[in-house]
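Let me begin by presenting the structure, written as structure tokens, before commenting on it.
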Amino acid sequence: MEREKLFCDSCKKVWSRTKTRGRKPRICPNCVAQIIIDQQEEDVELSVVQEDSPAPTKYPPNTKWHCPSCRASVKICIGINYPPTHQCPKRLRRVYQLEMI
């Protein structure tokens with residue numbers, strides 16, 4: 001097989017490989033291996049760090065809301081900061097905020 005010489009963009013050294021079809025790699029195998037090792041070390045460091053608690057919300061999870069006109073009700077299972085809205089059929093399909101029960 002024919003060999004070709006390539007230039008590494010990372011370490012700026014010339015390296016060779018067996019010539020094949022397709023795109024030519026821009027980084028030599030040694031630099032690729034070093035990148036993989038660095039990423040694995042970062043993953044280990046990130047797994048040790050504790051996750052931050054979620055940001056506080058104005059309305060806690062599992063709150064119930066209803067429309068005072070048509071009595072449509074909704075249960076919100078996540079924390080929210082703004083009251084949910086509702087397209088009320090009794091109020092000409094206009095959008096209104098729901099009230100918490």
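Throughout, read-outs are computed from the coordinates displayed, never taken from laboratory work. Here the structure is a predicted model, which is why all the values come from computation and not from measurement. All Cβ positions, even for glycine, are placed from backbone atoms using ideal geometry, and neighbour counts span all protein chains on display.
Points worth noting:
- Scanning the range 53-71 for residues that are in contact with a helix residue (DSSP H, G or I) (Cβ under 7 Å, 6 or more places away or on another chain) and among the polar types (S, T, N, Q) yields one hit, S69.
- Subset tally (residues that are of a type outside the set (V, I, T), in contact with a strand residue (DSSP E or B) (Cβ under 8 Å, 6 or more places away or on another chain) and not in a strand (DSSP E or B)) for the range 83-101: 6
- The residues of the range 64-84 that are surrounded by 13 or more Cβ atoms within 10 Å (Cβ to Cβ) and within 31 Å of the chain's Cα centre (by Cα), listed by number, are W65, V74, I76, G79, I80, P83, P84.
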